[in-house]
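The block underneath contains the structure these notes are about, expressed in structure tokens.
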Amino acid sequence: MGFELKQLSDVGTSNPIVARLSLQTNELTKMFPLTNEQKEQLFGLLGMKVRDRLVNCYKIHQKIMGELIRINSIQKDDIFKNNAIYTPCVNNLRYLCESFLYEAKSTLRDFIGIFDIFYEKKFKEARFDEAYKWAEKEFGKEDILSITLKQDHDGWIRRIVTMRNAVEHPGGRSGELFIKDIMLFNKDNPPYFNPPTWKIDDEEMGLVHNDMETFIYNTLGFCEDILKILLEKLPSKLPLIIYEIPEELRDPNCPIRLKVTLNIDEIPKV
């Protein structure tokens, strides 16, 4: 199969990472009963620390996409010469992959600090499995916080953390990270090559650029969802509700996803 290539360069407020972790966080926290110190801590965590880590992930992903665009534009005559095949490669692929995994795990490790801001509960590293156990004990197994932590940890967080741990401790309990560069796919018609893949031990190979994009998407939504849940758990004198803006209605210059408003159904009628 071929692969669709899109390249973006903007990392300002039109980038969802910046809009949703910085501007959106600032707007959401204004309305809820938080101390000024908590508001500053939340903006420092989400609007700066986590944002910058995730932007770094985004930039690495864009470098790889740029390499794939370059490779995809190579002419057939430059690939097949004199009965030989000149297979191109992604420059510094292993370095880019390992750097991405470092930033990815660091993003999650930083974000878990949100529980310290709300509940003075600290966790070591990106241990969202431990955060789930705590939430289950505090709020119950069926609580939305417990469900979200469990689903996201089991669904994708554990894998990305394991991949980074495999880089830090090769051959250890997390296994070994295998990375394959560009592979010949088709001699006759473009695309001629499959993009880079990676895996841990015996799992199936996954496309590097797809996995990176999925991680960025999942992490952004996860950070927003956890913040939303924790804000809505706060006791408030006002019936506040956080709602999602449909994607097609978001401002392309600042595509925030969540807004807060009064829940008019819960306002006492005179």
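The values are calculated or read from the model by the stated rules, or taken from the named source; none is laboratory data. This structure is a prediction, so every number in the text was calculated from the model and none was measured. Positions of Cβ are generated from backbone atoms using ideal geometry, with glycine treated the same way; all protein chains shown enter the neighbour counts.
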Within segment 197-213, can you find the residues that are in contact with a helix residue (DSSP H, G or I) (Cβ under 7 Å, 6 or more places away or on another chain) and either within 16 Å of Asn15 (Cα to Cα) or modelled with pLDDT under 95 (or both)?
Ile200, Glu213
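For every residue, the table says whether it meets (1) over 15 Å from the mean Cα position of the chain (by Cα); (2) modelled with pLDDT under 95; (3) farther than 27 Å from Gln24 by Cβ.
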site	(1), (2), (3)
Gly140	yes, no, yes
Asp152	no, no, no
Ile160	no, no, no
Gly175	yes, yes, yes
Asp181	yes, yes, yes
Phe215	no, no, no
In segment 166-182, is there at least one residue being under 30 Å from Arg257 (Cα atoms), in a helix (DSSP H, G or I) and in contact with a helix residue (DSSP H, G or I) (Cβ under 7 Å, 6 or more places away or on another chain)?
no
I'm trying to understand the selection: among the residues of segment 83-123, which are within 17 Å of Ala166 (Cα to Cα) and in contact with a strand residue (DSSP E or B) (Cβ under 9 Å, 6 or more places away or on another chain)?
Leu93, Arg94, Cys97, Glu98, Leu101
Tell me yes or no: at least one residue of segment 215-229 is touching a strand residue (DSSP E or B) at 6+ places or on another chain (Cβ under 6 Å), closer than 15 Å to Leu101 by Cβ and crowded, with 17+ Cβ neighbours inside 10 Å.
no
Got at least one residue in segment 93-112 being modelled with pLDDT under 95, of a type outside the set (A, V, I, L, M, F, W, C) and surrounded by 14 or more Cβ atoms within 10 Å (Cβ to Cβ)?
no
So is Lys133 closer than 23 Å to Lys63 by Cα, surrounded by 13 or more Cβ atoms within 10 Å (Cβ to Cβ) and either of a type in the set (Lys, Arg) or touching a Cys at 6+ places or on another chain (Cβ under 6 Å) (or both) or not?
no
Exactly one of these conditions fails for Ile69: (1) modelled with pLDDT under 95; (2) under 18 Å from the mean Cα position of the chain (by Cα). Give me its number.
(2)
Answer with yes or no whether Thr25 is among the hydroxyl-bearing types (Ser, Thr, Tyr), at pLDDT below 95 and either surrounded by 14 or more Cβ atoms within 10 Å (Cβ to Cβ) or part of a helix (DSSP H, G or I) (or both).
no
